[in-house]
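The values are calculated or read from the model by the stated rules, or taken from the named source; none is laboratory data. Bear in mind the structure is a predicted one, so any value in this text is a computation, not a measurement. In this analysis, Cβ positions are derived from the backbone assuming ideal geometry, glycine residues included, and neighbour counts consider all displayed protein chains. Note: areas computed on protein heavy atoms with side chains; ligands, DNA, RNA excluded. Shrake-Rupley method; radii C 1.70, N 1.55, O 1.52, S 1.80 Å.
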Amino acid sequence: MSKPSLILLAAGSSTRFGLPVKKQWLYQGEIPLWLLVARQYQEAFGFEEIIVTGHPDELAYMKQFADYTFVPGGSSRQASLANALKRVSREWVLVNDIARCCLDEAMVKRVLEKKGEADCIVPALQAVDTVYYENRPVERNAVRLIQTPQLSRTPILRKALDLEETFTDESSAIHAAGGRILFVEGSSRARKLTHPGDLHQLDCLIPPASRTLTGYGLDIHAFEAGKPMVLGGVPIDSPVGFKAHSDGDVAVHALIDALLGAAGMGDIGEHFPDTDPCWKGADSMELLEEVLSRIRSCGLVPLQADLTILAQVPKLGPYKTQIRQQLARTMGLLPARVNVKATTAEKMGFVGREEGVAVHAVATLGIYDWSKKS
């Protein structure tokens, strides 16, 4: 019999998690959690069709880690699952939440071995504590605590998700559609990662690697008469500004590319294309804040930056400290960790001819150490 497809749901926003990093991007050694879970399932059970959901802004980045099938997540778990099901080609599909990150091979085998005996095979635990519902105790032996992964018949699950109801898992959707549910013994290891305190309750998690990532950025802009000049987020007294789709802050653009390079996230044009009218006249400091937010949510943190500004005019000596402090505040670093240098081109080239400015930037990132959080 053919193996089921595997769907791993990793598109959540982690709003309840309370850390700057999304759960799926907590690094385990040198790889993010979602990749660790995918590899474990693939190695243990040999899945041939693996589909991973991710936030639309993160899909291109996720593809740099592995060659699975990646699909954009939706506004809810149910919407993400529906998107993933469009790519499933097999009769059966196993669905797991990345938040249930500790693989219990024996439990998953119990689920897979029951394929064909019901429309949805569900791991579940019996309640061991007294249970109240609406201020009244209920018989705890009648209560089941539902876990994932769950194995479902693909056509029935697709049909179930078309119902105009909201479901929190596959079994409730299939039950609502009239399908048959079969429970198997769950596992205490399949505990869900929900709050920071859970990090130290999951024995499968390993601390992140101590790794420094380095990126380089270069940007060049010509002058434009009559346009305000902003450099490193600081207004500069100048009769010319920069010719650009945005405000043209060449220093910030170079820094953004250095940060993206360190993270392996491409370049500024991929994130903020100059063909998109929404970035017309954009404040480059806001773009920097957006990039920093994306980097942090994916498990990385800025450590240091070094910029060299090549400008024949204007004279930047009076502004270097301001630029340094402005960038440091935005990056959440001490000014000592954001160096800004300025030099002329000795009247050579386009910079020397006073036609524009070029900026070189180097930035380093570290991996967010979640293991030190309570």
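Residue ranking by accessible heavy-atom surface, 1.4 Å probe, largest first, among I98, I181 comes out as I181, I98.
Could you quote the convex hull projected area for the range 181-254, Cα atoms only and averaged over all directions, in nm²? Please list the in-between numbers first.
On the way: hull surface 45.2 nm².
So the Cα hull casts an average projection of 11.3 nm².
Net charge in the neighbourhood of G241 (other residues with Cβ under 11 Å of its Cβ; Lys, Arg +1, Asp, Glu -1) is -1. For the range 222-306, relative contact order (Cα pairs under 8 Å, six or more residues apart, normalised by length) works out to 24 percent.
Over the range 301-374, what portion of Cα pair distances is larger than 15 Å, expressed as a whole percent? Walk me through the numbers before you get to the answer.
On the way: 1620 of 2701 pairs.
Value for the range 301-374 (Cα pairs over 15 Å): 60 percent.
In percent, how large is the relative contact order of the chain, given Cα pairs closer than 8 Å and 6 or more residues apart? Intermediate values should be presented prior to the final figure.
Numbers: 786 pairs, mean separation 62.5, N = 374.
17 percent.
For the range 209-263, a crude dipole built from +1 on the beta carbon of Lys and Arg and -1 on the beta carbon of Asp and Glu, taken about the Cα centre, is about 160 debye to the nearest 20. Gyration tensor analysis over the Cα atoms of the range 1-130 returns equivalent ellipsoid semi-axes of 23, 19, 15 Å (largest first, whole Å). With 31 Å as the limit, the listed pairs K320/K373; K23/K86; K63/K192; K341/K372; K22/K115; K63/K159 have K320/K373; K341/K372; K22/K115 beyond it between alpha carbons.
First compute the accessible area of the chain with a 1.4 Å probe, then give the percent of it belonging to carbon and sulfur atoms.
Numbers: 8680 of 17720 Å².
In the chain, the share of accessible area belonging to carbon and sulfur is 49 percent.
Calculate the dipole size of the chain relative to its Cα centre from +1 charges on Lys and Arg beta carbons and -1 charges on Asp and Glu beta carbons; express the result in debye to the nearest 20. If you can, show how the numbers build up before the last one.
On the way: 41 positive and 44 negative charges, 153 e Å.
Dipole about the Cα centre, nearest 20: 740 debye.
Taking every DSSP bridge with both residues inside the chain, close to 60 percent are antiparallel. Of the peptides 103-109, 227-233, the order by per-residue mean of other Cβ atoms within 10 Å, starting with the highest, comes out as 227-233, 103-109. Shown are C278, C204, C298, whose ranking by accessible area with a 1.4 Å probe and every protein chain present, most to least, is C278, C204, C298.
For the range 223-374, the normalised intensity computed at q = 0.08, 0.10, 0.18 Å⁻¹ comes to -0.23, -0.35, -1.07 (log10 of I(q)/I(0), Debye sum over alpha carbons, equal scatterers, no solvent).
In straight-distance terms, cross-link reach from K109 covers every one of the aspartates and glutamates whose alpha-carbon lies under 12 Å from its own, apart from those fewer than eight places away in the same chain; here that gives E185.
Just the accessible area per residue of the range 1-110, please: how many Å² with a 1.4 Å probe? The partial results should precede the final answer.
Numbers: 4410 Å² over 110 residues.
Solvent-accessible surface per residue comes out at 40 Å².
Express the C-alpha Rg of the chain as a ratio against the empirical globular expectation 2.2 N^0.38 Å, rounded to two decimals. Numbers along the way, then the final one.
On the way: Rg = 25.7 Å, N = 374, 2.2 N^0.38 = 20.9 Å.
That ratio works out to 1.23.
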